[in-house]
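Report on the following structure.
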Amino acid sequence: MGKQLIVAALFLALAAGVAVPASLLLDNREGAKVGGTPEQDRALIAAAGRGDEAEVHRLLGAGASVGATDESGATALIAAAYGDHLAVARLLIAAGADVNVQDRSQQSAYLIPTADGSVEMLRLTLAAGADVRRTDSYNGTGLIRAADRGHVEVIRELLKTEIDVNHINRLGWTALLEAIILGDGGSRHTEVVRLLVASGADVNIPDKDGVTPLAHARRRGQEGIATILRAAGARE
């Protein structure tokens, strides 16, 4: 079967919601069209951003490039991810869009749902070969981004991967510290802390000023979180 036919088959399968192995998508990404006119490419990004599945389908068929970027460095897939347009994202990935491309603000189709909390978009990008080592402009992983926002289900999905649970961002914080410092100590952030600790987060990595997770939790009156940390051997 020719490269174009393979890409077309993947396109139809993913558009219909059928799971497609990431290896097939990666192997056939080079078959994506890269020669659309500037007008077609701009129209594709705009259509993806507003979630216009029919127009995205038409423009891809007319030759618009899934790799084209706008003035912010965003591809059509990044635009779709910002709008949480899942069906459009499937079409673009099946047509060869790269989930790891980052715009000028260091956002990607993979990183966006880690902050926005879209579990289905995250699952789609992970299945399409998302690199969980990629970081944002703060050198923060998807895990760190999800932790400070209390996105429990996103955390669960990311912990199924090989993501570094103890990665330290530019602020000097791990995902555990972010969940405590930027969280509200409520049920969602407490569950995030529990999940991180259960997955091997080091409870004694301090911030850049030497303040430990337990000390931060106690200062904020987060007793539920402090209890989890103590049980895991945390020190002040």
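Every number here is computed from the coordinates shown, using simple stated rules; none is lab data. Treat the numbers as computed from the prediction; the structure is a model and nothing was measured. Cβ atoms come from the backbone with ideal geometry, glycine included; neighbour counts cover every protein chain shown.
Remarks
- Test: residue in segment 139-152 that is crowded, with 20+ Cβ neighbours inside 10 Å and either among the aromatic types (Phe, Trp, Tyr) or farther than 25 Å from Ile225 by Cβ (or both): no
- Failed condition for Ile155, given (1) within 30 Å of Ile93 (Cα to Cα); (2) surrounded by fewer than 19 Cβ atoms within 10 Å (Cβ to Cβ): (2)
- Selection of helices (runs of 4 or more DSSP H) fully inside segment 34-151 by the criterion of at least 3 residues being on the phi < 0 side of the Ramachandran plot and more than 10 Å from the chain's Cα centre (by Cα) returns 38-50, 53-62, 76-82, 86-94, 142-149.
- Enumeration of residues in segment 108-117 that are crowded, with 21+ Cβ neighbours inside 10 Å and of a type outside the set (Phe, Trp, Tyr): Ser108, Ala109, Leu111, Ile112, Pro113, Thr114
- The residue list Ser118, Ser137, Ser105 contains one member that is polar (S, T, N, Q), more than 21 Å from Ser199 (Cα to Cα), touching a residue at least 24 places away in the same chain (Cβ under 8 Å) and touching a helix residue (DSSP H, G or I) at 6+ places or on another chain (Cβ under 9 Å), which is Ser118.
- Note on segment 167-236: enclosed helices (runs of 4 or more DSSP H) holding 2 or more residues that are among the polar types (S, T, N, Q) are 187-198.
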